[in-house]
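Every read-out reported here was derived from the displayed coordinates using simple, explicitly stated rules and does not represent laboratory data. These numbers were taken from a predicted model, which means no experiment stands behind them. Because the Cβ atoms are built from the backbone with ideal geometry, glycine has one as well, and the counts that use them run over all protein chains shown.
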Amino acid sequence: MKKMVSFVLVLMMVMTFAGCRNSSEATEELPVDDNQGTQLISDMSVKAKEYANQLLETMLKDKGVADYQITQSNSGFLTGDRVVFLVGFQYTRDGAENVYGYKLAVNEDLTFTVMEEGTSTGEFIMQ
């Protein structure tokens with residue numbers, strides 16, 4: 001729980017500092033209006049989590065894993081030149097806990113590209 005609170009605090013600081021930019025430096029991907037930008041990020045966060053969930057399901061299916069249960073997931077985003085979404089999963093399989101995660105970039109057409117994936121990415125996100 002402490003890790004989640006820390007993650008949320010860091011995320012709020014990132015959002016605060018990202019909002020301190022001069023409006024002439026705003027990225028083209030986000031609307032100029034802060035409320036619209038916040039809503040777009042929120043909407044895309046939900047879509048990123050859904051997309052990552054599908055990727056995880058497909059990956060496990062391709063490995064022949066049918067019996068698993070997601071016990072926890074974390075997600076967030078980083079702002080910069082490009083908005084990047086992070087989604088991590090903790091799941092049980094055969095009585096063992098596993099983690100897996102995705103770092104997703106947003107394309108101009110508001111679709112996602114996987115930048116990184118794997119256990120180490122999941123461990124980073126699930127800390």
Quiz prompt | Added length on full extension, which subtracts the Cα-Cα distance from 0.36 nm per residue, Val46 to Ala66 | solution = 4.7 nm
Self-check item: Centre separation in Å (Cα based) which lies between the stretch 45-74 and the stretch 86-127
Solution: 9
Quiz item: Which of the peptides 82-95, 52-65, 112-125 is most tightly packed, and how do the rest follow, judged by the mean count of other Cβ atoms within 10 Å per residue?
Solution: 82-95, 112-125, 52-65
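Go through 96-103, 36-43 and give me the packing order, highest mean Cβ count within 10 Å leading.
Numbers: 96-103: 18.6, 36-43: 14.1.
By packing density, highest mean first, the sequence is 96-103, 36-43.
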Practice problem: Could you run the Karplus curve 6.51 cos²θ - 1.76 cosθ + 1.60 with θ = phi - 60° over the stretch 77-87 and give me ³J(HN,Hα) per residue in whole Hz, x for Gly and Pro? | Solution: 8, 10, 9, x, 4, 9, 6, 10, 9, 10, 9
Quiz item: What nm value, rounded to one decimal, do you get for the distance between Asn98 and Leu110 when each label is placed 7 Å out toward the C-beta?
Solution: 3.3
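Which of the peptides 104-111, 73-80 is most tightly packed, and how do the rest follow, judged by the mean count of other Cβ atoms within 10 Å per residue?
73-80, 104-111
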